[in-house]
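The values are calculated or read from the model by the stated rules, or taken from the named source; none is laboratory data. This is a predicted model, so every value here is computed, not measured. So basically every Cβ, Gly included, is an ideal-geometry build from the backbone, and we count neighbours across all protein chains shown.
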């Protein structure tokens, strides 16, 4: 074992110089200190460009192996596609239907890792309900769906995920189906097929947990830092807040910028695919506790989901459309996509949803490799790790569920190509901050803490409350009427989660910003807390 490849129990001691060694805390002060330290010692083992789920996963993998690792993100953690997902941690049912057995098996394995070891506090079991309604499926399609569910259950067994966590597929009667999804159309309902999958409380929160855990293992995590003049061994970094620049040299440079990968590495050709979701009040569907799953007409592998979400919402999605042209910071759903989603989901509902019911909408771009013709739904969801002529190592494709495996393959490639000295990957058994077994875990509060706080923070909930209680004010009070995000969470976003401005808080540390009306109601209190915390 090399000196850098120390056992995990020894990684904290002396792994990072300065006052933040071994801590998960990300904030403006740490950013300033570590940016200055990097400028003074600009030689690293691994430079990761991109702060989405893949980049944060790569940074954690590399730092946990003992590599001196720096992650830079031009905007904020989870700024791009990583915050626009369906929030499903899924076992690959869709890939089974299209014959992509390897992708499905990998998805099931990584779902099991997230739900049982690395982030069980952020992922919950979610029933997926396919209603048996006349006209909803072609003859024989229900049997195909059931066969797919059973095959998915076989993958669950193969991945070692217990049935107590993800129960086996079953058929339920009409009454039970409508208890799970009260908004279901009752006329002709012959019951439903129910399978279980995983669902994140928040995709952006997973990214932040990865980045903070990476920082605890010694990675330098810098937002608002742009990388230019990128080669396989260097990059020119520019602080977007001050304009100051310096050059970093690295044993390897990883491009994990997702749909922007071609801007860093011109040899990469992507064909982005847009996935759109519409947000509704949960009341409009009777406050469902299962994901309504409606087959897309004419397809055997595509579904539209009505997914229960935090903050009292249901997300209806998703689409799979070509998205050519320049990459926008925030993709915009099209009118046609809105119509498609409404038409598809309404086929299963008692009371149709209308455009007037839409409270918010969002779209994300999948970074799919361009492999030629056909629709984007037919393009492979497998990830690829590629070396460009300049030596940059780019990771593209894949999906949120398999981020950890993507990161492992990327760091393995960097170690092999560049001869880096590192231990083997062990992230499959490394609990993220807040997860049971994490070294900084606390017993969960037994009273006074809202259930929503526990769901979003797990073992960190006590720390969140402690930070807020250090200042006058009601720590558990909601940030605004009708929004179950507490003042404590806003303060914690600034002091521990790297939020630098109001948008970071509203749009990524919390998801209040998904509904514009909510964001405007919460903004004054967020601004007040942000100013107080940054001043103190």
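Tabulated results
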quantity	calculated
Selection within the stretch 242-254 - surrounded by 14 or more Cβ atoms within 10 Å (Cβ to Cβ) and free of Cβ contacts under 8 Å to residues at least 60 places away in the same chain	245
Enumeration of residues in the stretch 97-107 that are part of a helix (DSSP H, G or I) and surrounded by fewer than 24 Cβ atoms within 10 Å (Cβ to Cβ)	97, 101, 102, 103, 105
Selection from the stretch 468-481 of residues that are surrounded by fewer than 22 Cβ atoms within 10 Å (Cβ to Cβ) and within 25 Å of the chain's Cα centre (by Cα)	478
Of all residues making up the stretch 490-536, the number that are in contact with a strand residue (DSSP E or B) (Cβ under 8 Å, 6 or more places away or on another chain) and within 15 Å of residue 310 (Cβ to Cβ)	7
Odd one out for residue 531 among (1) modelled with pLDDT under 95; (2) at positive phi	(2)
Residues (touching a residue at least 24 places away in the same chain (Cβ under 8 Å) and in a loop (DSSP other than H, G, I, E, B)) located in the stretch 108-143	119, 120, 121, 122, 132, 133, 134, 135, 136, 137
Filtered residues of the stretch 58-91 (kept if within 25 Å of residue 105 (Cα to Cα) and part of a loop (DSSP other than H, G, I, E, B))	84, 85, 86, 87, 90, 91
Residues located in the stretch 266-280, provided they are assigned to a loop (DSSP other than H, G, I, E, B) and under 19 Å from residue 362 (Cα atoms)	272
Only listed residue being surrounded by fewer than 20 Cβ atoms within 10 Å (Cβ to Cβ) and outside any helix (DSSP H, G or I), chosen from 168, 146	168
Per-region count, the stretch 312-341, residues touching a helix residue (DSSP H, G or I) at 6+ places or on another chain (Cβ under 7 Å) and in a helix (DSSP H, G or I)	2
Every residue from the stretch 43-55 that is in contact with a strand residue (DSSP E or B) (Cβ under 7 Å, 6 or more places away or on another chain), buried (at least 24 other Cβ atoms within 10 Å of the Cβ) and not in a loop (DSSP other than H, G, I, E, B)	46, 47, 48, 49, 54, 55
Failed condition for residue 396, given (1) crowded, with 24+ Cβ neighbours inside 10 Å; (2) over 24 Å from the mean Cα position of the chain (by Cα)	(2)
Qualifying residue in the stretch 369-382 (condition: modelled with pLDDT of 95 or more and either surrounded by 20 or more Cβ atoms within 10 Å (Cβ to Cβ) or outside any helix (DSSP H, G or I) (or both))	no
Those residues of the stretch 49-72 which are over 16 Å from the mean Cα position of the chain (by Cα) and either free of Cβ contacts under 8 Å to residues at least 12 places away in the same chain or on the phi < 0 side of the Ramachandran plot (or both), in sequence order	49, 61, 62, 63, 64, 65, 67, 68, 69, 70, 71, 72
Condition broken by residue 232, with the remaining ones in (1) over 26 Å from the mean Cα position of the chain (by Cα); (2) in a loop (DSSP other than H, G, I, E, B); (3) under 29 Å from residue 121 (Cα atoms) satisfied	(3)
The stretch 117-143 - residue that is out of contact with any strand residue (DSSP E or B) (no Cβ under 8 Å at 6 or more places or on another chain) and at pLDDT below 90 and, of those, surrounded by the most Cβ atoms within 10 Å (Cβ to Cβ)	138
For residue 315: the one exception among (1) at positive phi; (2) outside the structural domain of residue 59 (by TED's automatic domain parsing); (3) buried (at least 21 other Cβ atoms within 10 Å of the Cβ)	(1)
